[in-house]
1. Looking only at the range 351-386, which residues are over 19 Å from the mean Cα position of the chain (by Cα) and aromatic (Phe, Trp, Tyr)?
2. Conditions first: (1) β-branched (Val, Ile, Thr); (2) within 20 Å of the chain's Cα centre (by Cα); (3) over 30 Å from Leu94 (Cα atoms); (4) loosely packed, with under 15 Cβ neighbours inside 10 Å. Val513 passes all but one, so which condition is the exception?
3. Which condition breaks for Gln347 when tested against (1) out of contact with any Ser or Thr (no Cβ under 7 Å at 6 or more places or on another chain); (2) modelled with pLDDT of 60 or more; (3) under 26 Å from Leu396 (Cβ atoms)?
4. Check whether at least one residue in the range 172-186 is of a type in the set (Gly, Ala, Ser), closer than 30 Å to Phe97 by Cα and either assigned by TED's automatic domain parsing to the domain that holds Val85 or in contact with a Lys or Arg (Cβ under 9 Å, 6 or more places away or on another chain) (or both), and report yes or no.
5. Looking at (1) of a type in the set (Gly, Ala, Ser); (2) touching a Phe, Trp or Tyr at 6+ places or on another chain (Cβ under 7 Å); (3) farther than 25 Å from Gly508 by Cα, can you tell me which one Ala356 breaks?
6. Does at least one position in the range 164-172 carry a residue that is in contact (Cβ under 8 Å) with a residue 24 or more places away in the chain, surrounded by fewer than 14 Cβ atoms within 10 Å (Cβ to Cβ) and not acidic (Asp, Glu)?
7. Can you spot a residue in the range 404-426 that is under 18 Å from Gly32 (Cβ atoms) and either hydrophobic (A, V, I, L, M, F, W, C) or more than 16 Å from the chain's Cα centre (by Cα) (or both)?
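The values are calculated or read from the model by the stated rules, or taken from the named source; none is laboratory data. Not measured: the values here are computed from a predicted model. Because the Cβ atoms are built from the backbone with ideal geometry, glycine has one as well, and the counts that use them run over all protein chains shown.
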Amino acid sequence: MVRSKLPALTTRLIQVSCAIAWCLVAAGPVFGFAALKPILISEGIYKSRCDMKVAVVDSNEDVECVEQNLSLNFLFTLACMVTNVSALPVGSILDSFGPKVTGIIGSIILALGSLSIKYAPSMSYIDGYLAGYTLLALGGPFVFISCFQLANSFPKNSGLILALLTGAFDSSSALFLFYRIYYFNVSKISISSFFTGYLLVPALIFLCQLFLMPKDSYKTVGTLAKIAETGIDETGKPLNPKYLNPEDSNDVGGVGGGGASTDEIFYQPTISETTSLLMRRASDTKRRESVVSRTSYRSMKSSYEQQADANLMNSTGGVFGVLHGCSIRDQFKSPWFLLMTLFTTIQMLRINFFVATIKAQENYLYGNEELAIKINHFFDLALPLGGIVSIPFIGLILDNLTTLTVLYILTGLSLFIGVMGLLSWIPGTYAGILVLVVYRPFYYTAVSDFCAKVFGYDNFGTVYGTIIAFSGICNIFQQLMDKVTQEYFKMNPTPINSFLVLLTLLFGGLLIVYVKSQEKKIRRRNLEMEAEDASFTDIPN
């Protein structure tokens, strides 16, 4: 028996290890653009776009002209847009064809991106650098999202595996950091040579997908979202065995035949109890119809699921389940969706604009190129580390604070980062960067957590994917902000940054006010429903 299980266990360990390894170098390296940009400048990428008759206007970036700087920054702008917009089609392909096909497609896209950058100098009809960097941005979500289902290859450790995969994604920006360190301190390996070697990464992913990775998902993304929120698997049982009585392992739905102890799983209606209620006298049917419907719906879930839902209702301040069961159309039309989408869009714009222009911003604020380079290098190192350091704290915050409190934290931290970015005060600059690198993974995780709790698990992938995709499309405004900063404000980032801070305050404030008002309505409605339930169950036979 041990021998028969050992190969499967070993295979799953290898699968998870390989997935973490390739996520470290392929999931999101494009976000390390701040580290790659000095190499692109040193290699003279886009230098030919400068009209040498025009005076040098941006010596702080070591570029010849505005056109070269805008062209370099557009690589990152388009990459960010493609990465986020691709969330929807990647999810669709994953659902239709499975993780193996999705991963293989991702490896091919990464290979094409590497080849495009490698041969970019000899391409005359297309911009090889732009096409290649965009393909790298597109391939990342394919190989990363296809790994999500591995989180439940070991159900009891699904949270840990998800954390490791997410940490690998956040750390993948360090790829270009290591390249920059080697380039300027050891040997100036050309862009073409680097991406020739990088072809080994998609080759490894392709072979692993072909011979090692599972054809079918261990779990769907929606199921993983449910497991992450409730701790209950798709059979209705808790992942932690201490909450399950072995004598009741086959009777998930009721509490009468065993189940968890009363101090762990509280009393919930069962099917038999619901049936007995329906057999009572039918007077005042309309008044009680909604009560019967709610009770019947609850009875379809196991006692463990019911208790998990009750716990989430309490921990979120009543927000959990507010739009569960609603049509996707109604969810898209709701202020919950619209306000979160606007808030997310502004956050994405602010973060990506800073990543693309950090050196230029700091050089303008301090008027010291050496200091700007030092701050840039500090950011390059802090960005991948921030995702790893923040993982346990993100879980603690989302698990123990209400949704409204999380929104207060998100908005407050974002405003702090924005204000620090306006100041030419070194402690404030470093404090803003430290908060930013932790805020970035926290904000992405908080948005997915918000979607799971508010919109439910059935439409989770569609709702979350749409929010991220729309935000990604709006990321094209980053190029406009960059152009306005360089051409109209003469490299002064303060007007654009101030505008983004005001938008953060506006949309963050509107979201908080709306959620707060809905919490009050939910509490009032729950009191009315409890009164209806009590009056209904008190009707004599």
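1. Tyr364, Tyr366, Phe378, Phe379 - these are the residues of the range 351-386 that are over 19 Å from the mean Cα position of the chain (by Cα) and aromatic (Phe, Trp, Tyr).
2. Of everything listed in (1) β-branched (Val, Ile, Thr); (2) within 20 Å of the chain's Cα centre (by Cα); (3) over 30 Å from Leu94 (Cα atoms); (4) loosely packed, with under 15 Cβ neighbours inside 10 Å, Val513 misses just condition (2).
3. Status for Gln347: all satisfied but (1).
4. Yes.
5. Here Ala356 clears every test but (3).
6. no
7. no
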